[in-house]
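The structure under discussion appears below in the form of structure tokens.
Every number here is computed from the coordinates shown, using simple stated rules; none is lab data. Model, not experiment: these values are computed from the prediction. Using ideal geometry, Cβ is built from the backbone for each residue, glycine included, and neighbour counts are taken over all protein chains shown.
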Amino acid sequence: MKIALLGYGKMGKAIEAIAIQRGHDIVIKTSEQSGYNITDADVAIDFSVPSAAFNNISNCINNQVPVISGTTGWLEQYNDVVSLCEKQKGAFIYASNFSLGVNIFFELNKVLAKMMAKVDDYNVDIEEIHHTQKLDAPSGTAITLAEGIIDNNTAYQDWKLDVSDKNTIPITAKRIPEVPGTHTITYNSAIDTIKIEHEAHNRQGFALGAVIAAEWLVGKTGIFTMKDVLALD
Ligand SMILES: NC(=O)C1=CN([C@@H]2O[C@H](COP(=O)(O)OP(=O)(O)OC[C@H]3O[C@@H](n4cnc5c(N)ncnc54)[C@H](O)[C@@H]3O)[C@@H](O)[C@H]2O)C=CC1
Ligand SMILES: O=C(O)C1=N[C@H](C(=O)O)C[C@H](O)C1
């Protein structure tokens with residue numbers, strides 16, 4: 001497969017290494033908006049910056065190149081991408097986190113949220129820790145986790161960064177050098193604490209998941225998620 005890497009930073013480089021190991025060719029690697037022909041690639045993988053993701057993804061869809069995006073912090077434009085993809089009959093996957101472990105953790109979070117909806121005694125909070133270069137807060141993964149709780153527990157209707165109102169899930173974002181990504185969900189009562197946590201040890205899980213998603217997407221039309229790719233149901 002000929003792959004375009006849109007964003008050649010920490011993730012772009014980790015994806016390049018795994019894609020080559022799996023027998024793919026990197027035909028475009030860029031940290032720029034322009035200066036390349038996207039139709040040279042069979043599939044594009046966008047891990048760029050929040051301000052660039054929408055244009056990168058739209059350019060792929062408008063040129064009939066399947067595209068996956070792991071960039072976080074741009075989701076106010078997600079519905080516009082969905083509309084464009086439907087109009088152009090393109091192929092697109094966004095995931096806040098491409099690692100197998102986190103996608104299992106997403107499902108565990110939903111099961112736990114369903115159970116906790118049956119009891120009144122606990123308050124939930126989410127903490128995420130990432131490296132100091134991260135541009136967005138809270139992390140995309142923390143937002144997906146909060147949405148998983150909201151969808152499965154009517155006690156919660158919203159999430160907010162550093163705010164703990166009634167019906168709102170508080171998210172705390174910490175920035176510590178070199179941390180690839182740790183997410184902790186805590187249910188606290190006066191009597192005890194229930195905690196589930198995912199800690200990434202490096203970026204390989206994100207990168208492998210992104211390459212697997214790109215391999216899966218080629219030849220398909222539509223908007224998909226990692227749940228479709230990993231068939232976790
Ligand atoms: N979904 C997932 O599994 C994961 C998502 N991420 C997200 O991926 C994104 C990138 O993360 P990192 O590689 O750690 O960041 P990074 O800062 O190391 O790399 C981003 C690169 O994008 C480049 N860039 C800037 N404008 C661009 C443009 N117009 N087109 C293409 N590239 C452009 C920057 O120059 C930089 O080299 C972030 O949004 C991060 O939150 C990170 C890890 C896993
Ligand atoms: O910026 C990162 O590094 C990461 N970003 C993603 C996010 O915002 O959830 C995924 C992962 O946690 C690493």
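At a Förster radius of 22 Å, what calculated FRET efficiency corresponds to the Cβ-Cβ distance of D151 and K195, to the nearest 0.05? Result of the calculation: an efficiency of 0.60. Residues in segment 50-59 carry Karplus couplings, in order, of x, 6, 9, 4, 4, 5, 4, 5, 4, 4 Hz; the curve used is 6.51 cos²θ - 1.76 cosθ + 1.60 with θ = phi - 60°, and Gly or Pro positions show x. Qualifying GluC sites (Glu not before Pro) in segment 153-233, where qualification requires a DSSP coil assignment and no more than 11 other C-beta atoms within 10 Å, comprise E178.
Stretched out straight at 0.36 nm per residue, the stretch from H131 to K166 would grow longer than its current Cα-Cα span by 9.6 nm.
If you put +1 on each Lys and Arg Cβ and -1 on each Asp and Glu Cβ, how big is the dipole of segment 100-199 around its Cα centre, in Debye rounded to 20?
Details: 9 positive and 16 negative charges, 13 e Å.
Magnitude of the dipole: close to 60 debye.
Sequence-ordered 3J(HN,Hα) estimates for segment 187-196 from the Karplus curve with 6.51, -1.76 and 1.60 and θ = phi - 60° stand at 10, 10, 10, 5, 9, 7, 10, 10, 9, 10 Hz, glycine and proline given as x. Between T221 and K110, residue separation times 0.36 nm minus the direct Cα-Cα distance comes to 37.2 nm.
Peptides 120-133, 60-73, 23-36: what's the order by average Cβ count within 10 Å, highest mean first? Write down the numbers at each step before the final one.
Numbers: 120-133: 16.2, 60-73: 22.3, 23-36: 13.6.
Sorting 120-133, 60-73, 23-36 by mean packing, highest first, produces 60-73, 120-133, 23-36.
Give me the extension gain from V119 to Q204: residue separation times 0.36 nm, minus the current Cα-Cα distance, reported in nm with one decimal.
Working: separation 85, 0.36 × 85 = 30.60 nm, distance 3.77 nm.
Computed gain between V119 and Q204 is 26.8 nm.
Each residue of segment 80-97 was assigned a 3J(HN,Hα) from its phi angle through the Karplus curve 6.51 cos²θ - 1.76 cosθ + 1.60 (θ = phi - 60°); the sequence is 5, 5, 4, 4, 4, 5, 5, 4, 8, 6, x, 9, 8, 10, 10, 9, 5, 8 Hz, with glycine and proline shown as x.
Looking at segment 1-136, how many pairs of lysines come closer than 20 Å at the Cα, when each pair is eight or more places apart or spans two chains?
Working: K2/K13; K2/K29; K10/K29; K10/K134; K13/K29; K13/K134; K110/K118.
Lysine pairs satisfying the spacing and distance rule in segment 1-136 number 7.
Beta bridges assigned by DSSP with both partners in the chain are antiparallel in approximately 35 percent of cases. Remark: I20, I143, I171 ranked as I20, I143, I171, counting other beta-carbon atoms within 10 Å and listing the fewest first.
Per residue of the chain, the DSSP helices (runs of n ≥ 4 H) give a summed -39500 (n - 2.57) that works out to -11000 deg cm²/dmol at 222 nm. In this structure, the amide hydrogen of T71, modeled 1.01 Å from its nitrogen in the peptide plane, lies closer than 5 angstrom to those of S48, counting only residues at least 5 positions away or on a different chain.
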